[in-house]
Structure formats: C-alpha cells, structure tokens
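Below: one structure, written as structure tokens.
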Amino acid sequence: MKLFVAGLPNDFDDIDLKEMFELYGEVTSARLITDRATGKSKGFGFVDMPDKIEALQTIEVLHGAGIKGKKISVQQAEERTGGNDYRNRDNFRKRY
C-alpha cells in the first residue's frame, strides 16, 4: 500500500523516512519529494508498505504524530488520474 506523508521536517531525507516507517513494518520504498531547482525537501513524500494491515496500523500510529516540532499527516495515497496532467500525453492526444 502506498502512503502519502506530509508535514515532514526540512532536514529529513529518504533514509530518515524509510527508517521511521520500518519501525512499524516492512518498507519496499520511501521517497521524499524535492524541489527540482534547489534540491530541497518539499516536506512530503511517499512510502510503500507491502502489507496492507501493517500500513493501516502505521497510519493510525503516525498520523498526527509530532516529529521535530511538526505534526505529520499520514494517509493512503490516492492514485493519480489522467485528468489535465500534462505528463499524460496519450490522454491529451485522445481528448484534443
């Protein structure tokens, strides 16, 4: 299950994110989103946990938890839809 994590401290990196979630179960990947121009964290990321039950329990434990003076938000990530996403060129060609 893919989790969306927001409100992360600015000094967090992928390893910190992965280690935090590994305390609650197996993590297949953890990725912090960074600004392309500056390389600095945008304060959110995604974590993949293969066991849905562990992922749901992790959401219950970590959602609203305080980390370095910030409250984090943890929830199930929503799948992206084609919509107006400019990166989905096939969808663009079909619609226009």
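We did not get these values from a lab; they are worked out from the coordinates using the rules stated. Keep in mind the model is a prediction, meaning the values are calculated, not measured. So basically every Cβ, Gly included, is an ideal-geometry build from the backbone, and we count neighbours across all protein chains shown.
What nm value, rounded to one decimal, do you get for the distance between residue 6 and residue 77 when each label is placed 7 Å out toward the C-beta?
1.5
Quick one: if you stick a label point 7 Å off each Cα along the C-beta vector at residue 26 and residue 46, how many nm between them?
Going from the residue 26 label point to the residue 46 one covers 2.0 nm.
Would you calculate the volume per residue, in Å³, of the smallest convex hull containing every Cα atom of the range 1-86?
On the way: hull volume 9.0 nm³, N = 86.
Hull volume normalised by residue count: 104 Å³.
Got a sec? How would 36, 80, 31 order by Cβ neighbour count within 10 Å, fewest to most?
With the fewest neighbours first, 36, 80, 31 line up as 36, 80, 31.
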